[in-house]
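To keep things clear, I will list the structure first and then write my remarks on it.
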Amino acid sequence: MGDRVWFGAFSKVYKVVTIASDTVVVANSIVTKNFVNGKCIIGGSHCRMLKENTV
């Protein structure tokens, strides 16, 4: 988990997952894979990048 990672309500993260700094996880998302690029918004039932370079 990087710095300044925000989680929406009821989002779930698997144990062995890496999330980069400055990332927002949308509500009701399930993070199942690594996201090493920071400054993005991720979401979905099997998370994918929704928007990049948001900061």
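Computed from the coordinates by the stated procedures, all read-outs in this text should not be read as laboratory data. Here the structure is a predicted model, which means the values were calculated and not measured. Backbone-built Cβ (ideal geometry, glycine too); neighbour counts: all protein chains shown.
Between a residue in region 36-49 that is free of Cβ contacts under 8 Å to residues at least 60 places away in the same chain and under 10 Å from Val26 (Cβ atoms) and any residue that is of a type in the set (A, V, I, L, M) and not in a strand (DSSP E or B), which pairs come within a Cβ distance under 6 Å, given they are 6 or more apart or on different chains?
Between residues of region 36-49 that are free of Cβ contacts under 8 Å to residues at least 60 places away in the same chain and under 10 Å from Val26 (Cβ atoms) and residues that are of a type in the set (A, V, I, L, M) and not in a strand (DSSP E or B), the close pairs are Gly43/Val26.
Tally time: how many residues in region 39-54 are in a loop (DSSP other than H, G, I, E, B) and under 9 Å from the mean Cα position of the chain (by Cα)?
1
Are any of the residues in region 26-34 of a type in the set (A, V, I, L, M) and surrounded by 16 or more Cβ atoms within 10 Å (Cβ to Cβ)? Quick ask: steps written out before the conclusion?
Of all residues in region 26-34, those of a type in the set (A, V, I, L, M) come to 26-27, 30-31.
Retained after the next criterion (residues that are surrounded by 16 or more Cβ atoms within 10 Å (Cβ to Cβ)): 26, 31.
For region 26-34, residues of a type in the set (A, V, I, L, M) and surrounded by 16 or more Cβ atoms within 10 Å (Cβ to Cβ): present.
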